[in-house]
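This report concerns only the one structure given below.
The numbers here are math on the coordinates, done by the rules we state, and not lab data. In this text the structure is predicted, and so the values were computed from the model without any measurement. Quick reminder, even Gly has a Cβ in these numbers, built from the backbone with ideal geometry, and neighbours come from all protein chains shown.
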Amino acid sequence: MPVRVEETTYGVPDWGVGTLWTRAGVVLAHEFAYTEVPGPSREPPASASAREIVARLRAYFVGEDTLADVVLDLGSSTPFQRAVAQALREVPRGEVVTYGELAALAGYPGAQRAVGTLCAGNRFSLIVPCHRVVSSQGIGGYGSTGVGVKRRLLDLEGVTL
């Protein structure tokens, strides 16, 4: 019998609402909607593994760095995408890298545009911390959520640009 995908919605006061998709303790995707007031959440998640991941995501917002070893499903990713995701997960809280620096760290020097494309399509919000990637000329973009959210996340981590 196949293991089902578990969808968990949770709120973080003053930040927003997240949705986590897991299967057997492995994160398939995570999205976070940055809103002023969290919407309703369906809690607690059915599985202990989903509850633990949600607790770790919430802990991020109170200053803990507990996401680096959350297991992700990168099975459909290319070797480049896996290398960039891994390199980015190794950038510590409170530090930033440029798109070019991240490309080099991942073993693909000169691939900064491809790194930008990967960040724009990141399906692991916060867990693969694309907000820690900045432009060589400044903060850079942050997809549909906007630069204001990126600044707020970096401020949370003690980064001032």
Cβ charges +1 (Lys, Arg) and -1 (Asp, Glu), total dipole of the chain, debye: 320 debye
Hull shadow area, averaged, the chain [alpha-carbon convex hull, nm²]: 9.4 nm²
Please list, ordered by chain and number, the residues whose modelled amide H lies under 5 Å from the amide H of residue 29; skip anything fewer than 5 residues away on the same chain. 21
Using the Karplus curve 6.51 cos²θ - 1.76 cosθ + 1.60 with θ = phi - 60°, what ³J(HN,Hα) values do you get for each residue of region 125-130, in whole Hz, with x for Gly and Pro? 3, 6, 6, 9, x, 4
Using modelled amide H (1.01 Å from N, peptide plane; none on Pro or chain starts), what sits under 5 Å from the amide H of residue 134, excluding residues fewer than 5 places away? 97, 98, 99
